[in-house]
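The next block holds one structure in the form of structure tokens; read it before the comments.
Every number here is computed from the coordinates shown, using simple stated rules; none is lab data. Keep in mind that what you see is a predicted model, and the values were worked out from it rather than measured. When we count neighbours, we look across all protein chains shown, and the Cβ atoms used for this are built from the backbone with ideal geometry, even at glycine.
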Amino acid sequence: MCQCCAEKKDIYLPELATVMDAKAMNVTERYLRLAMDDGPFDFVPGQFVEVSVAGIGEAPITISSSPTQNGGFELVVRKVGNVTKAIHNLNKGDKLGIRGPLGDGMYPVDEAKGKNVVFICGGIGLVPQRSFVNYVLDNRDDYGEVTILQGTKEYDQRLFTDEVAAWDKRDDVQMLETIDLPDKRWKSNVGVVTKLIPMIKSELKSAVVLVCGPPVMYKFVLMSLEEHEVPHENIFLNLERKMKCGVGKCGHCQINSTYTCMDGPVFRYSDLATMPEAI
Amino acid sequence: MSKPKIAIFDFACCEGCQLQIVNLEEELLDLLGGADVVEWREAMSEKCDEYDIAIIEGSITRLEDEERLKLIRSRAKILIALGACATIGGINKLKNNFDDLDEVKKCVYGKDANKPHLATQPTKAVDEVVQVDAYVHGCPIDRKEFTYIMRCLLMGKEPEIPEYPVCVECKAKGNPCLWEYGQVCLGPIIRAGCGARCPSNGFRCFGCRGYIDNPNVDAAKDVIDKFGLNIDDLKTKMVLFGSRQEPTIHG
Amino acid sequence: MSVKKIAKKDFVEFVETLIRKERVFGVQAKGDRFDFAPLESAQDLRLDYDVTLQPPKKFFQPPAEVLMTFEVGGGYQSQYDDEPFVLLGVHPYDMVAINQMDELFSQDNYDTHYMTRRNNATIVACDVAKPSENVFASSMGTAVVKSGYDVLLTDIGDSYVCEAATEKGEKLMAAAKKAVPADDAALKSREAVWAKNKKGLNRHELKCDPAYLPKLLAKAYKHPVWEERAKTCFSCGSCNQVCPTCYCFNVQDDVNWDMKTGKRERAWDGCLLDGFTKVAGEHEFRKQRADRFRHRIYRKGMYVPEKIGGQIACVGCGRCVAACLPDIANPVAVYNRLIDDLGIG
């Protein structure tokens, strides 16, 4: 390596982390708690890491835990490709590579202070949102009314059911859940997550609204928020793209001129006006 | 953990792809270090009915071969199609262009045409008979790609086989385009992964790796017009490996 | 820094000296075309070339390179290619492209792999002696170059004017014992070459100042040209592969036969290729050929310029024009079509 590069860090080089805890959440999702082997790990809700399994490859995963919770950080990984399949085989004590935290587009933890906060989650959209949900709940006095909407396709795909039940029990949180294709075990709301929006008790117009779900969900949620006159500046969307290098070079995650890995993955809706490919 | 057992079977083919495996030489020892080869007619005399990975070379041209292939599939955890005959039917599919297969048989085998072991059907690629887990394309296969795929499978990883055409690798090699030298090269519509072996040596792409998932027929028409050719000029080049090629299913 | 003059026969001798002591790559004939390749004899160097098949980007970002090695369950170890080399015969438009790549790979997150190669390179640029069939550098303002190189050569007939622009360049030129300070006549001849090239490298003429392109594209997103042209796009990525400013890449792991050690490699990728934006789970964000075709033109004319102070990321080398079989890739044809329809201003 040349002299000037010797002083710089290799932006592609993962550092080792250890699996502190791992368990299956359902057939496709696996929960992992990790700790870096070397040094601390500071992040803001909404940031992601590039997870390396040696020999298999690297995949971007958004952190699911809140920085307010000590003892490493948590990921929930859906089994969809080579890397995520390999992550599903990891157990307590196993090593993997981590780069990050990455992404300058984080949840508006400060901006939302004093305001009502509404989380709209579709399916595994709950996973990244959970980081900010717990951040808000751990700093409960800083925020206004808190509303969490969760839509899931099928009963068995529900995630963090204990946590969701605990949020539901709290007086200072409105927790609404719906299932699109329910079976007889489900006794509550039926349909897609947008159906829950009119049921929000707190004032929506002045709220900070955070949306995360599958690509198809955004259009419908945004239409509904439009009807409720939520200003675009107050809506934040967590966008998924093929983030390969995670550091703004490889080009795969580009939405028009924006690199999702650099300026995202959380975007303010009003900023997407110049990004026609976003939604 | 015991080593996975590999069995190699040949159907209708020239066995040239198996020869490529033999030609791995030192790397063959590496492969044997990671797996036990329990049946391989071209290289050993043992036979075995228990295996984890079945490698199928050749296309399927007889009913009894279909039955044999189905039996192999039922025994194997992973089934690999090896070489163009297995992945796309290969040159053997040329005969599917003829309506009267009895005529074809007479032309090829003469007075022996009616012998029972020559009771052939229209040629099928392996995935037209059973499910295929991994494809090693090419005529013959590329040794480097084969070993990469084997390492992936032994690691429990799905190999990344290009979805893009040969032009990508050809340009990365710095080759000039053979169309400009009067060759009807199939590079723009054929799956990469061979490292553009033929064009790099001055031969047009013959199409042995099969079509990419989404070839652009409109573009092909435009290009043959541009070079003052007609559609038959292209078709005659495509027929060698592209005869009645069903879209391949890629897992 | 110094400007010298060296007779062509003495230049050959100088190159021979270089070859004997350094790793030298230079432009050479490849069939009836030209390309950069390891230089073994000064006689093989062809500074009279029109355009190389591949741009010189491969010396800084090779088609495939090992980023790191690893051990399963163990750590990762960066791998660098850090042998110094001399690159002979880079045309101005390609030099501009390298300057842009330098900025893109060093800004925000510093890419030590690219920059190690770049910092190890001594670049000898040379003014164009013979325009290629599809060059439009004059339209893009890249027919001459003022920075980035260590030495700039200009063919003025029986000799070259050699300008050393950096200390590396001075050091290199010190081996040219027979070079003499360039006289006024030589400098005038050089000016004449520049003046000629500023107009003459223009086989496709852009109907606007390149600085206007971002504004043009700002109103062209829904124009029918994307659909029309992409209809016959093979999605073969040839335009990406031969482009001196395309730098998108893919990263893949491969293990050794021991199944314990291995390497992580990056390789050229292309935004025109099917699957470029496909995420695990199969959703593909730019599924349509037209979307991908538009993305490339926007990257060159609008998106990358936003990152590098407004410079247009098409340098007018014309390689994509030559490489595109269905003749749809020509950026000038696209931009002019948009100007015809949407006007200027």
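Overview of results
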quantity	calculated
Residues of region C:133-166 with amide N under 20 Å of the 7 Å Cα→Cβ point at C:Glu16	C:158-160
Antiparallel DSSP beta bridges within the protein assembly as shown, as percent of all bridges there, nearest 5	60
Spread of Cα-to-Cα distances over 5 Å intervals beginning at zero, given as percent, for region C:98-196	2, 11, 19, 19, 19, 14, 10, 5, 1, 0
Region C:210-342: equivalent-ellipsoid semi-axes (sqrt of 5 x gyration tensor eigenvalues, Cα, Å)	31, 16, 14
Stokes-Einstein translational diffusion, region B:106-251 - Kirkwood Rh over all Cα pairs, 1.567 mPa s, 4 °C, in µm²/s	75
Table column - 3J(HN,Hα) (Hz), region B:163-176, Karplus curve with 6.51, -1.76, 1.60, x for Gly and Pro	9, 8, x, 4, 3, 4, 6, 5, 5, 5, 7, x, 7, x
Whole-Å distance, taken between Cα centres, linking region A:207-279 and region A:44-108	20
Any cysteine of chain C lacking a neighbouring Cys Cβ under 4.7 Å - listed by number	C:Cys126, C:Cys162, C:Cys208, C:Cys233, C:Cys248, C:Cys271, C:Cys314, C:Cys317, C:Cys324
Residues B:Met155, A:Met223 arranged by fewest to most Cβ contacts within 10 Å	A:Met223, B:Met155
Burial ordering of A:Met25, A:Met199, fewest other beta-carbon atoms within 10 Å first	A:Met199, A:Met25
Residue-wise HN-Hα coupling along region C:85-98, computed from phi with Karplus coefficients 6.51, -1.76, 1.60 (Hz; x: Gly, Pro)	8, 10, 10, 9, x, 7, 5, x, 4, 5, 5, 4, 4, 4
Qualifying chymotrypsin sites (Phe, Trp or Tyr not before Pro) for region A:150-231 [loop in DSSP, other Cβ within 10 Å: at most 16]	A:Trp186
DSSP beta bridge pairing in chain A, given as percent antiparallel to the nearest 5	55
Exposed GluC sites (Glu not before Pro) absent - longest run of chain B, DSSP non-H/G/I/E/B, at most 14 other C-beta within 10 Å	B:51-251
DSSP-assigned coil residues among trypsin sites (Lys or Arg not before Pro) in region C:221-324, each with at most 10 further Cβ atoms within 10 Å	C:Lys222
Note, ³J(HN,Hα) from phi for region C:194-208, Karplus 6.51, -1.76, 1.60, rounded to Hz, x at Gly and Pro	4, 4, 5, 5, 4, 9, x, 8, 9, 6, 10, 9, 6, 7, 9
10 Å Cβ shell holding at most 10 others, DSSP loop, GluC sites (Glu not before Pro): longest site-free stretch of chain A	A:8-228
DSSP-assigned coil residues among trypsin sites (Lys or Arg not before Pro) in region B:23-70, each with at most 11 further Cβ atoms within 10 Å	B:Lys47
C:Asp340-C:Asp184 pseudo-label distance in nm [points 7 Å out on the Cα-to-Cβ vector]	4.9
For C:Gln79, residues with placed amide H under 5 Å, excluding near neighbours	C:Met68, C:Thr69
Peptide C:71-77, shielding by other chains (average Cβ, 10 Å cutoff)	6
Peptide C:269-277, shielding by other chains (average Cβ, 10 Å cutoff)	6
Chain B: most fluctuating residue of B:Val239, B:Val223, B:Val108 per GNM, C-alpha cutoff 10 Å	B:Val108
